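A.B. asks: Sharing a structure here in structure tokens format.
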Amino acid sequence: MPNIELRNISKTFTSISEDSRGKIITALDNVNLKIKKNTYNTLLGPSGCGKTTLLRIIAGLEKPTDGKIYFGGSDITNAETQKRNIGFVFQNYSLFPHMDVWHNVSYGLMVRGKYKKGKENEIHDILKMVKLDDRTTAYPKELSGGMQQRVAVARAIATKSQLCFSTNPWAHWMPE
Amino acid sequence: MNHGYEKHFSNIVYLVTISFFIFIIFLPAVYVLTFAIGGNFLLSDQLINALYVSFFVSLSVTVINLIFGTSFAWIFVKMDKKYKNWFDNLIDLPLMIPTAALGLSVYLFWGEFWSVGKGISMIILLHVIFTLPYMVRSVSASLEQINTTYNEAASTLGASILTIFRTIDLPLFKDGVVVGSVLTFTRSLSETGATMMVASALTMTAPVYVVNLKKEGNIPEAAAASIILILSALAILAAAKYITRQKHFNFSTFYPRFEYSLTDLWKARNIMSALFLVLFIIIPTFYIILYNFVNFRPVFNMIMLEAFIVSFGLAAIVTAVGLIFAIPMAYFIARTRNEKISAFFENLHDIVLLVPTSALGFSLGLFWNKLNLSEYLVLILSHLSFTFPLLVKPLAASIKNIEYGIEESAMTLGANHKQILTTILFPLIMPAAIAGSIMAFTRSISETGATLAVSKNIKTIPVLIVDLVDQNKMFEAGFICLLLFIMSFIFLLLLKRTRSDN
């Protein structure tokens with residue numbers, strides 16, 4: 001897995017709230033970060049310090065106001081989200097409400113044309129790993145918060161992306 | 001007032017309201033269907049041709065609106081807030097302008113300026129303008145409910161913009177698309193007054209044909225046309241209800257490379273949509289203002305004044321009477337514990353709303369003329385029919401949004417029903433009542449088909465415009481349209497004000 005490198009990443013927003021309309025808010029200010037291959041990293045910080053903003057910038061869901069992002073030596077600062085191949089587990093899971101567990105998890109493979117014969121076993125193995133192999137036809141609204149989170153994790157890792165992010169990943173995960 | 005007396009009084013109010021709806025609104029509207037049972041109808045070649053033109057036009061307009069209306073809805077939902085208000089008013093304006101005024105503007109723009117002849121093309125160009133807001137509003141309402149993180153999640157999984165639209169967004173806003181399509185199709189099918197200005201003798205739509213048949217006294221053929229139009233509206237409503245009940249779509253087929261290759265085309269839709277909006281909606285709609293500016297001479301006369309008095313008086317009476325019965329009807333629909341009964345009455349209101357108004361007017365005329373009522377009273381009853389649902393629906397939606405617990409709290413504090421109504425409920429539903437009243441009022445002012453189908457001698461504003469165009473008195477017709485534009489804009493601002501208060 002290649003290195004991720006962030007160089008001088010800054011992000012500012014313009015406030016739209018009534019009492020401070022037009023005020024510039026700095027979410028990130030010259031952040032420099034290197035993430036090595038095959039490592040598990042944790043970003044810790046108080047609420048509102050910019051952790052999620054940083055992850056969204058790396059995933060391509062936000063554009064940095066300034067700075068560059070490198071992935072395996074290549075500049076991906078302006079690359080589309082779809083092309084970055086980064087798994088992302090959202091804070092509210094964002095499971096597709098009209099798809100069952102199976103289709104949610106296999107969606108990433110389907111849209112990339114990688115869902116061919118034989119892949120069913122891989123999906124099944126991933127669901128077994130998150131202990132949801134018996135709920136493949138359930139829809140998100142039928143699942144508990146913890147189950148939804150596990151589906152979101154399974155969905156992110158099913159595409160075998162080289163990098164995977166999660167915001168507050170173990171919030172509903174009960175130790176067994 | 002003791003509790004037992006209040007309960008009896010409530011039951012009597014419900015009985016009177018439901019009886020009003022069944023015997024004054026619903027049954028007269030569908031009375032013409034009894035002609036089908038009696039075999040008292042005639043299907044001629046001309047009628048079949050008129051029906052073909054109607055369905056072809058409505059279908060074409062629906063397809064065009066599906067493409068551009070969905071695109072506009074998308075743009076509107078994603079738009080920056082500072083432009084949204086402006087665009088919001090623009091979307092609603094064609095709904096508020098009486099279609100007779102729109103018809104003249106379109107006829108002058110495409111007919112006299114671009115020399116497009118009267119016929120199917122011009123009918124389609126006209127119908128797209130006043131039906132587009134239905135599609136945009138329905139789709140944008142559904143789109144706004146979709147959590148934007150679904151799109152983000154799909155893009156992190158590698159889906160292109162087009163794949164995300166097809167597999168994530170479309171299944172989630174399909175109800176808005178279905179509702180928009182139904183409203184577009186039935187509104188186009190129903191349109192009479194403006195169509196009369198842009199249709200040719202060979203390309204007449206069915207509602208225009210019904211009006212002509214009524215004038216000639218050809219009841220069997222007019223009955224046949226009305227029956228087919230009413231049954232079509234019922235079939236479309238049933239199909240729409242069925243489709244919206246289907247919760248899950250089959251999306252197992254993916255075309256990653258093909259859909260990704262269309263990404264640039266997808267991005268170009270903003271430009272294409274903007275061009276369509278300007279060339280086919282905005283300019284033709286407002287052309288009448290330019291026409292008046294260039295050819296201005298004030299030509300207000302007694303006939304016009306009489307038409308304004310008749311139209312405004314009719315609309316005011318219809319709105320006031322409708323509101324008196326709409327409030328208890330809406331309360332009944334919103335509060336009844338039996339969901340099937342609530343859904344039943346909602347469906348009956350939908351039927352009345354969707355039935356083409358010339359067919360509705362013809363049916364009402366047949367029903368009420370048996371009682372030898374005056375022409376003006378029959379006109380009031382016919383306008384009441386298609387405006388009543390416009391009052392009931394927003395009121396019912398508003399009451400549903402008010403937790404019943406609020407009324408129960410008032411009861412525990414000792415308030416009787418009258419006090420709950422006047423101090424709790426009425427203030428909360430006032431914006432919906434005003435919004436519904438504005439919609440009912442403007443709809444009544446705008447209506448041509450039902451008026452022509454019901455009355456021979458009464459000239460409302462839209463009927464006068466159609467007559468003036470027939471007589472080639474364009475300046476006079478244009479002047480009235482300009483006054484209607486100004487009036488519509490004022491009503492639109494009032495409606496926006498009540499919506500923002502709500």
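The values are calculated or read from the model by the stated rules, or taken from the named source; none is laboratory data. Source: prediction; values computed, not measured. When we count neighbours, we look across all protein chains shown, and the Cβ atoms used for this are built from the backbone with ideal geometry, even at glycine. Ligands, DNA and RNA are excluded from the accessible area calculation, which covers all protein heavy atoms including side chains. Shrake-Rupley method; radii C 1.70, N 1.55, O 1.52, S 1.80 Å.
A.B. asks: Convert each backbone phi in segment B:25-30 into a coupling constant with the Karplus relation 6.51 cos²θ - 1.76 cosθ + 1.60 (shift: θ = phi - 60°), then list the ³J(HN,Hα) values in order as whole Hz, x for Gly and Pro.
C.D. replies: Each residue's phi maps through the Karplus curve to give 9, 6, 4, x, 5, 10 Hz.
A.B. asks: List the residues of segment B:144-179 for which accessible area in the full set of protein chains is at least 30 Å² lower than for the chain on its own; 1.4 Å probe, protein heavy atoms only.
C.D. replies: The answer is B:Thr149, B:Tyr150, B:Glu152, B:Ala153, B:Ser155, B:Thr156, B:Leu157, B:Gly158, B:Ala159, B:Ile168, B:Leu172.
A.B. asks: Ignoring ligands and nucleic acids, what accessible area does B:Glu191 show with a 1.4 Å probe (Å², nearest 10)?
C.D. replies: 10
A.B. asks: Give a quick list of trypsin sites (Lys or Arg not before Pro) in segment B:330-389 that DSSP marks as loop, anything other than H, G, I, E or B, with at most 13 other Cβ atoms within 10 Å.
C.D. replies: Of the trypsin sites (Lys or Arg not before Pro), the ones in loops of segment B:330-389 whose Cβ has at most 13 other Cβ atoms within 10 Å are B:Arg337, B:Lys370.
A.B. asks: Going through segment B:288-397, which chymotrypsin sites (Phe, Trp or Tyr not before Pro) have at most 15 other Cβ atoms within 10 Å and a DSSP loop state?
C.D. replies: Here the sparse-neighbourhood loop sites are B:Phe296, B:Phe300.
A.B. asks: Could you compute the net charge surrounding B:Leu51? Neighbours are other residues with a C-beta less than 15 Å from the C-beta of B:Leu51; K and R count +1, D and E count -1.
C.D. replies: -3
A.B. asks: For chain B, what are the DSSP H helices with axial Cα length of 20 Å or more and mean Kyte-Doolittle hydropathy of at least 1.0?
C.D. replies: B:45-78, B:120-143, B:219-245, B:302-335, B:375-401, B:426-446, B:474-501
A.B. asks: Using amide H atoms built in the peptide plane, which far-off residues or other-chain residues are under 5 Å from A:Asp29 H to H?
C.D. replies: When sequence neighbours closer than 5 places are left aside, the close amide H contacts are A:Lys11.
A.B. asks: What accessible area, in Å² to the nearest ten, does a 1.4 Å probe give for A:Cys49?
C.D. replies: Around 60 Å² of this residue is reachable by solvent.
A.B. asks: Further question: So for segment B:329-408, what percent of the C-alpha to C-alpha distances run longer than 15 Å?
C.D. replies: 62
A.B. asks: Find the Cα radius of gyration of the protein assembly as shown, compare it with 2.2 N^0.38 Å by division, and give the number to two decimals.
C.D. replies: So the Cα radius of gyration is 1.13 times the expected 2.2 N^0.38 Å.
A.B. asks: Using a 1.4 Å probe and counting only protein heavy atoms, arrange A:Thr65, B:Thr336 so the residue with the most accessible area comes first.
C.D. replies: A:Thr65, B:Thr336
A.B. asks: Please sort by residue number the trypsin sites (Lys or Arg not before Pro) in segment B:200-250 whose DSSP state is loop and whose Cβ has at most 12 other Cβ atoms within 10 Å.
C.D. replies: B:Lys247
A.B. asks: For chain A, what class follows from the C-alpha gyration tensor (a ≥ b ≥ c being the square roots of its eigenvalues): rounded when a/c is under 1.5, otherwise prolate if a/b is larger than b/c, else oblate?
C.D. replies: Prolate shape, in that a/c is at least 1.5 and a/b is the bigger ratio.
A.B. asks: While we're looking at this one, here's another question. Please state the shape class of chain B: rounded when a/c is under 1.5, otherwise prolate if a/b exceeds b/c and oblate if not, all from the C-alpha gyration tensor.
C.D. replies: Here chain B falls in the rounded category.
A.B. asks: What distance in nm separates the two pseudo spin-label positions at B:Thr423 and B:Ile303, each 7 Å out from Cα along the beta-carbon direction?
C.D. replies: The answer from the label model is 5.7 nm.
A.B. asks: Under 5 Å between amide hydrogens, which residues at least 5 positions from A:Glu62 or on another chain qualify, with H placed 1.01 Å from N in the peptide plane?
C.D. replies: It is A:Ile57, by chain and number.
A.B. asks: Right, next: If one computes the Cα centroid of segment B:218-243 and of segment B:40-63, what distance in Å separates the two points?
C.D. replies: The distance from the Cα centre of segment B:218-243 to that of segment B:40-63 comes to 11 Å.
A.B. asks: State the percent of C-alpha pairs, over all pairs in segment B:41-290, separated by a distance greater than 27 angstrom.
C.D. replies: Counting every Cα pair in segment B:41-290, those more than 27 Å apart make up 43 percent.
A.B. asks: Looking only at chymotrypsin sites (Phe, Trp or Tyr not before Pro) in DSSP loops with at most 16 other Cβ atoms within 10 Å, what is the longest site-free stretch of chain A?
C.D. replies: So the longest stretch without any such site is A:41-169.
A.B. asks: Related question: Can you send over the solvent-accessible area of B:Ile283, 1.4 Å probe, protein chains only, in Å² to the nearest 10?
C.D. replies: Result for B:Ile283: roughly 70 Å² accessible.
A.B. asks: Let me ask you something else. How big is the dipole moment of segment A:1-137 about its Cα centre under a simple scheme where the beta carbon of each Lys and Arg is +1, that of each Asp and Glu is -1, and everything else is neutral? Debye, nearest 20, please.
C.D. replies: Value, rounded to 20: 400 debye.
A.B. asks: Enumerate the helices in chain A for which the Kyte-Doolittle hydropathy averages -0.5 or more and the C-alpha atoms extend at least 18 Å along the helix's axis, using complete DSSP H runs.
C.D. replies: Membrane-span-like by this rule: A:145-158.
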